[in-house]
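Student: Quick one: this structure, given as structure tokens, is what I'll be asking you about.
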Amino acid sequence: MKRQQVGIEALAIAVPRRYVDLAELARARGVDPAKYTSGLGAREMAVYDPGEDTVALAASAVSRLLRTHQVDASRIGMLVVGTETGVDHSKPVASHVQGLLKLPRTMRVYDTQHACYGGTAGLMAAAEWIASGAAAGRSAVVVCSDIARYGLNTAGEPTQGAGAVALLVSEQPDLLALDVGLNGSCSMDVYDFWRPLGRREAVVDGHYSIQCYLEALSGAYRGWRERALAHEVVRWGSTTPGEQLARILYHVPFCKMARKAHTQLRLCDLEDAPNAANTTAEAREELAKSSASYEAQVASSLSLNARVGNVYTASLYLALAGLLHAESGTLAGQRLGLLSYGSGCASEFFSGVVGAQAAQRMARTDVEAVMARRERVSVEEYERLMKLPGDGPEVLAPAPGEFRLAEIRDHKRHYVEGAAS
Ligand code: CAA
């Protein structure tokens with residue numbers, strides 16, 4: 001494992017200005033609200049309008065990151081946007097962001113795509129670029145920005161959402177120092193969730209997608225655990241390797257999925273433990289489902305996801321933002337595990353240590369203020385917004401420092417920035 005420190009120095013989020021209450025949506029669909037709130041674990045869902053596209057959300061998150069953390073843009077040598085809901089088959093979202101934020105020309109600028117894994121692909125490219133020395137002291141900005149859309153009256157409807165998380169990646173990992181070299185990966189060629197060209201809505205084999213996620217998680221986690229054991233980062237003992245992580249963050253298409261994922265990760269440890277032969281498969285399954293373990297290691301990371309919904313590439317990093325917002329003071333110096341999953345599919349399990357400056361960084365990030373500005377809309381208004389054509393944004397003034405798509409003219413997208421207050 002390389003010893004040089006590299007990881008996430010700061011982060012910022014952007015979310016659409018509106019949200020819908022999921023109990024209200026359930027009632028409108030004739031469904032028991034407990035199915036959405038308890039069965040899927042969701043409370044609210046971000047509702048976007050065509051002016052809040054993937055570019056606008058990404059640019060708003062980067063603008064907030066640079067402003068609140070006073071980042072010197074000349075320090076940035078790489079800008080990567082991870083997204084599966086880009087706005088053009090050729091021109092990257094990252095180029096729009098570079099232009100809107102007037103970032104220097106002396107940067108490597110591109111998008112990464114592999115369903116919800118695209119953001120992690122970007123993060124690892126940035127971290128390994130810095131760790132290799134090729135960055136020569138420069139930092140990277142990695143943005144995860146997406147709009148999760150399945151459509152009205154579909155099984156996936158309560159698992160939609162939208163938003164962006166921007167990460168500053170550098171040699172000064174105040175939020176999370178990555179354990180470079182320990183990552184475990186698992187990928188397979190499957191049709192669990194996809195979006196054919198020209199479609200706004202994803203196609204999904206919902207229950208199969210959950211199986212694929214859990215299978216890929218097992219492979220990625222076991223890969224990480226093998227390396228982490230070899231480097232004595234974790235060990236078999238009175239606790240399992242997974243239990244030695246202070247918190248574990250998962251890709252969160254809906255909050256209940258994090259609980260299923262945690263049960264699967266625990267099962268991997270319980271099945272592979274040196275003393276596994278002393279227990280029955282039934283006993284291991286029961287132990288894997290432990291609510292105490294889920295409450296201690298996972299639950300506190302889901303506060304933002306439960307209010308925003310699925311954000312595809314950004315979901316894992318929204319969980320990180322939620323966790324550090326709630327617990328950065330007490331987690332300083334402790335190791336987190338993170339599981340990224342993208343349909344199709346690819347997954348990666350990685351780890352990192354929370355920095356001593358995390359609480360100060362998160363105080364500047366002020367995630368709660370961003371969430372508090374949102375406005376709750378009725379199911380009727382949500383349905384109206386969902387039916388708007390993607391190329392016909394409403395004329396609305398963006399919030400100060402945020403961006404909106406204003407119009408598409410001659411196939412070119414034009415954005416406006418909210419005037420400073
Ligand atoms: N009270 C409490 N709980 C209830 C309930 C009630 N009245 N009625 C149902 N439930 C529970 C069910 O028991 C179930 O829980 P378990 O899975 O723990 O058994 C849960 O609510 C959901 O019920 P169903 O399985 O019947 O729901 P569904 O078939 O309508 O759809 C879904 C669920 C498959 C997740 C669907 O919303 C969907 O397709 N979503 C999109 C796909 C997705 O998110 N896949 C995740 C893995 S892929 C991935 O992670 C990539 C990505 O971002 C898309």
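Student: When the dipole is taken about the Cα centre of segment 89-227, and only Lys, Arg (+1) and Asp, Glu (-1) are charged at their Cβ, what size is it in debye, to the nearest 20?
Tutor: Working: 12 positive and 13 negative charges, 111 e Å.
Roughly 540 debye for segment 89-227.
Student: Kindly rank 342-353, 102-113 from highest to lowest mean number of other beta carbons found within 10 Å of each residue. Before the final figure, lay out each step's value.
Tutor: Numbers: 342-353: 24.3, 102-113: 15.8.
Highest-to-lowest ranking by the protection proxy: 342-353, 102-113.
Student: Pick out, from C116, L197, V354, the residue whose Cα sits farthest towards the positive end of the charge dipole of the chain, with +1 on the Cβ of Lys and Arg and -1 on the Cβ of Asp and Glu.
Tutor: The residue sitting farthest along the positive end of the dipole is V354.
Student: Could you give me D for segment 229-289, from Stokes-Einstein at 4 °C and 1.567 mPa s, where the hydrodynamic radius is the Kirkwood radius over C-alpha pairs? Units µm² s⁻¹, please. Present the calculation step by step, with values, prior to reporting the outcome.
Tutor: Values: Rh = 12.5 Å.
Using the Kirkwood radius from Cα pairs, D works out to 103 µm²/s.
Student: List the residues whose amide H sits under 5 Å from the amide H of L304, counting only those 5 or more places along or on another chain, with H placed 1.01 Å from N in the peptide plane.
Tutor: Those qualifying (amide H under 5 Å, at least 5 residues apart or on another chain) are G322.
Student: Can you sort R225, R43, R199, R27 so the residue with the fewest Cβ neighbours within 10 Å comes first?
Tutor: R199, R27, R43, R225
Student: Would you work out which of G51, T37, S290 lies farthest towards the positive end of the dipole of the chain, given +1 charges on the beta-carbon of Lys and Arg and -1 on that of Asp and Glu, about the Cα centre?
Tutor: Among G51, T37, S290, the one farthest towards the positive end of the dipole of the chain is G51.
Student: Give me V169, V203, V180 ranked fewest to most by other Cβ atoms within 10 Å of their Cβ, as a rough exposure proxy. Before the final figure, lay out each step's value.
Tutor: Numbers: V169 30, V203 13, V180 21.
Ordered from fewest to most neighbouring Cβ atoms within 10 Å, V169, V203, V180 come out as V203, V180, V169.
Student: Based on Cα positions only, what radius of gyration and what Dmax would you give for segment 179-291, in angstroms?
Tutor: Expressed in Å, the Cα Rg and Dmax of segment 179-291 come to 16.0, 54.
Student: Using the Kirkwood radius over C-alpha pairs as Rh, can you work out the diffusion coefficient of segment 12-113 via Stokes-Einstein at 20 °C, viscosity 1.002 mPa s, in µm² per second? The partial results should precede the final answer.
Tutor: Values: Rh = 15.8 Å.
Once the numbers are plugged in, D ends up at 136 µm²/s.
Student: Residue by residue, what Karplus-based ³J(HN,Hα) values in Hz, rounded to whole numbers, does segment 334-351 have, using 6.51, -1.76 and 1.60 with θ = phi - 60° and x for Gly and Pro?
Tutor: 9, 8, 10, x, 9, 10, 9, 9, x, 4, x, 8, 9, 9, 8, 10, 9, 9
Student: Loop-only check: which GluC sites (Glu not before Pro) in segment 230-334 are DSSP coil with at most 12 other Cβ within 10 angstrom? Could the numbers behind the result be given before it?
Tutor: Numbers: sites: E232, E243, E271, E282, E285, E286, E295, E327; in loops: E232.
Taking segment 230-334 and a limit of 12 other Cβ atoms within 10 Å, the loop GluC sites (Glu not before Pro) found are E232.
Student: In the Gaussian network model of the chain, springs joining C-alpha atoms below 10 Å, which of G119, G161, G242 carries the largest mean-square fluctuation?
Tutor: G242
Student: Now, a different point. So what is log10(I(q)/I(0)) for segment 145-196 at q = 0.21 1/Å, when the Debye sum runs over its Cα atoms only?
Tutor: -0.96
Student: Just to confirm my numbers, what's the Cα centroid distance between segment 327-351 and segment 267-297 in Å?
Tutor: Taking the Cα centre of segment 267-297 as reference, the centre of segment 327-351 is 20 Å away.
Student: Moving on. Given H placed on each backbone N at 1.01 Å, which residues far from V143 in sequence or on other chains put an amide H within less than 5 Å of it?
Tutor: Distant-sequence amide H within range of V143: V80, V81, G82, L167.
Student: Just the ratio, please: alpha-carbon radius of gyration of the chain over 2.2 N^0.38 Å, N its number of residues. If you can, show how the numbers build up before the last one.
Tutor: Details: Rg = 20.5 Å, N = 421, 2.2 N^0.38 = 21.9 Å.
Relative to the 2.2 N^0.38 Å estimate, the chain comes out at 0.94.
Student: Would you please state the base-10 log of I(q)/I(0) at q = 0.27 1/Å for segment 2-69, with intensities from the Debye formula using one equal scatterer on every alpha carbon?
Tutor: The Debye formula, applied to the Cα set alone, gives -1.06.
Student: May I pose another question? Projecting each Cα onto the charge dipole of the chain (Lys/Arg +1, Asp/Glu -1 at the beta carbon, about the Cα centre), which of V165, L66, L265 comes out farthest on the positive side?
Tutor: Value computed over the given set: L66.
Student: What is the magnitude of the charge dipole of the chain about its Cα centre, with +1 placed on the Cβ of each Lys and Arg, -1 on the Cβ of each Asp and Glu, and no other charges, expressed in debye to the nearest 20?
Tutor: On the way: 44 positive and 47 negative charges, 150 e Å.
Using only the charged Cβ atoms, the result is roughly 720 debye.
Student: Determine which lysines satisfy two conditions relative to K260: a Cα distance under 28 Å, and not lying fewer than 8 residues away in the same chain.
Tutor: K35, K289
Student: Just list whichever of K387/K412; K256/K387; K91/K412 have alpha carbons separated by over 20 Å in the model shown.
Tutor: Numbers: K387/K412 22 Å; K256/K387 28 Å; K91/K412 10 Å.
Flagged as over cut-off: K387/K412; K256/K387.
Student: Compare L40, L338, L123 in a GNM of the chain, Cα atoms joined below 10 Å, and give the one with the largest fluctuation.
Tutor: Result: L40 has the largest fluctuation of those listed.
Student: At what distance in angstrom do the alpha carbon centres of segment 20-41 and segment 213-263 lie from each other?
Tutor: Result: 30 Å between the Cα centres.
Student: Here's a follow-up. Highest GNM mean-square fluctuation, the chain, Cα pairs closer than 10 Å: which of A399, A258, A12?
Tutor: So, out of A399, A258, A12, the one fluctuating most is A399.
Student: For K102, list the aspartates and glutamates whose Cα falls under 16 Å from its own Cα; do not include residues on the same chain fewer than 8 positions away.
Tutor: Result set, ordered by chain and number: D72, E402, E417.
Computed from the coordinates by the stated procedures, all read-outs in this text should not be read as laboratory data. Since this is a predicted model, take the numbers as computed values, not measurements. As a convention, Cβ positions derive from the backbone with ideal geometry for all residues, glycine included, and neighbour counts pool all protein chains shown.
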